[in-house]
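These notes are about the structure you will find just below.
The values are calculated or read from the model by the stated rules, or taken from the named source; none is laboratory data. Quick caveat: nothing in here was measured; it's all calculated off a predicted structure. Here the Cβ positions follow ideal geometry from the backbone for every residue, glycine too, while neighbour counts run over all protein chains shown.
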Amino acid sequence: MYRNVSKLKLFALAVLFLLPAFAFSGCATTAGPTTSASGLSSGNVALSTKMSSSIFLQPVAPQDKIVYVSVRNTSTATGLNFNNELISALISEGYRVTNNPQEANFMIMSNIRYIGVESNNYTVAGALAGGFGGAFIGSRYNSGTSMVAGGALGALAGGIIGSMFQNKNYMMVVDIQLEQRQAGTYTTNSTNASQGTASNITTYNSGIKNWAIYRDRIVSQASAMNLVFASAEPLLKQQMAHSIANLLP
């Protein structure tokens, strides 16, 4: 009789302990209606953006703030584009966007390399280490899965709740090439070709291009408990557009 009562008490404690977890386990984190003034969060979602290096362009007169924009996507996420977000961000910075490169004083060429879950093979640090055009360098990644234990139910409850509440990180990796019109700018290109098994031939092509060229890689990250991609995607695109637009003087 005593043993049965003990089992009933243990079962009741387990139910009371796990009810809140079951109540919230089906709730996915979605972005809040507005982004914080600092730009570091949106609702419950933490945001961050990092670059491989810094770029500084020469300031120009307001009437010369004309930019040509090209957005490409070579990631596996088909249909992904942040062209509209980037144009809106540039306009808010006082730029006029043109589809004619001949009248532009700035050009922004961007290529989406990856967007999705941060994992062992795709990390913010690894993407930044690879640099513009480089491969992603895999690194150890901790998903942040939490294990909660309580009293006598420790391991069991912790395992169940840990599977329900997971911190999800998504990231967007974009390679960018910025060009600023500068009269008399000298540009040199080189191409290496293999010759046999132990030698290479290098071909140089140089001339006056009148454009100063800058290249970099930018990585945006969105992180929250049980965050879903549908909520992370617009935040990542907005963050990326904001960062690129603010590289122009």
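Output the number of residues of the stretch 112-136 satisfying the condition of being of a type in the set (A, V, I, L, M) and either under 15 Å from residue 168 (Cα atoms) or at pLDDT below 75 (or both).
So the answer is 3.
Take the residues in the stretch 89-125 that are assigned to a helix (DSSP H, G or I) and free of Cβ contacts under 8 Å to residues at least 24 places away in the same chain, then tell me which one is surrounded by the fewest Cβ atoms within 10 Å (Cβ to Cβ).
102
Residues being outside any strand (DSSP E or B), polar (S, T, N, Q), closer than 26 Å to residue 211 by Cβ and touching a residue at least 24 places away in the same chain (Cβ under 8 Å): count how many of those fall in the stretch 55-80.
2
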